[in-house]
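The values are calculated or read from the model by the stated rules, or taken from the named source; none is laboratory data. On a predicted model such as this, the values are computed, not experimentally measured, just so you know. Reconstructed Cβ throughout: ideal geometry from the backbone, glycine too, with neighbour counts over all protein chains shown.
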């Protein structure tokens, strides 16, 4: 649930920054996988790096050490949210392209919206929000199809991405409900611990004998995913959940493919299709509808005829000073 004491002014810059950090994760992690790193082993090591970096940061910040029950809750949310986002993504890309992943994961804001409605959290969203979310998803679909990157070799890839999108949508809402004042530094550390435990369980089942061939590309990929994408990225993501709620925080899924597209064209010299401009335009329009101020709503005190009524005198609060003066005079 969003913190009502926080205004909406800072959500879009934070959303763009997180979109850049997470959008760059796709091509950079692809470098490590192309260099011979098993994706499961790569993400498991990244979880370990994230926990190893965030724990000393929690000590340095002198954050109070919470109860073990609270840390266990954080680890459980981390397994659902962080593990649930990354593990299905890396596994599903064995059977489907990143374009399909971007389409499916872009449904995460809608999953959060449905979960918020089911839980009756008190957050309200109008038809404009629903239309903009569908528009943003349409832009991601156009981008993926225009780039030729929406291909599925096995339906399990689609199932895996669907699981990841559901984990992202529901996990963000669960974190907002569990930590309405935000996740603490130690809680963030144990979220990475929970994600790492889930990742180790998956590796033990699906890739028990696979080692990692270290190279410069693999080191860069692991460090980027562990430090930038996880430690910095999830700190921003958690803060946006606290300030603005899960639905707005998960709108970052609209920006991830945009950043990946730009990096692919600029860094990897990938071809750019003219149809991709339409996808970019739809995503920008969706973000404008979601974050630019709309027309002012009529006041509930306005008469039904449409003309504004006379201004009401402000209610005068009792002045304690005046009261004490009268008591002394009496």
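When residue 64 is tested against (1) modelled with pLDDT of 90 or more; (2) assigned to a helix (DSSP H, G or I); (3) over 20 Å from the mean Cα position of the chain (by Cα), exactly one condition is not met: (2). Look at residue 254 and say whether it is at pLDDT 95 or above, crowded, with 22+ Cβ neighbours inside 10 Å and within 30 Å of residue 181 (Cβ to Cβ). Here the answer is no, as residue 254 does not meet what is asked.
Can you confirm whether residue 260 is farther than 28 Å from residue 55 by Cα and outside any helix (DSSP H, G or I)?
Numbers: farther than 28 Å from residue 55 by Cα: yes; outside any helix (DSSP H, G or I): no.
In short, no.
Which residue is nearest to the chain's Cα centre (by Cα), if the candidates are limited to the range 168-186 and must be assigned to a helix (DSSP H, G or I) and surrounded by fewer than 24 Cβ atoms within 10 Å (Cβ to Cβ)? The qualifying residue nearest to the chain's Cα centre (by Cα) is 170.
Of 43, 16, all but one fail to be modelled with pLDDT of 90 or more, more than 29 Å from residue 214 (Cβ to Cβ), within 20 Å of the chain's Cα centre (by Cα) and assigned to a helix (DSSP H, G or I); the exception is 16.
Test residue 122 against the criterion of being surrounded by fewer than 18 Cβ atoms within 10 Å (Cβ to Cβ) and closer than 25 Å to residue 282 by Cα, and give yes or no. Can you show your working first?
Numbers: surrounded by fewer than 18 Cβ atoms within 10 Å (Cβ to Cβ): yes; closer than 25 Å to residue 282 by Cα: no.
No, not satisfied.
Taken over the range 116-165, residues that are touching a helix residue (DSSP H, G or I) at 6+ places or on another chain (Cβ under 9 Å), assigned to a helix (DSSP H, G or I) and within 19 Å of residue 290 (Cα to Cα) amount to 15.
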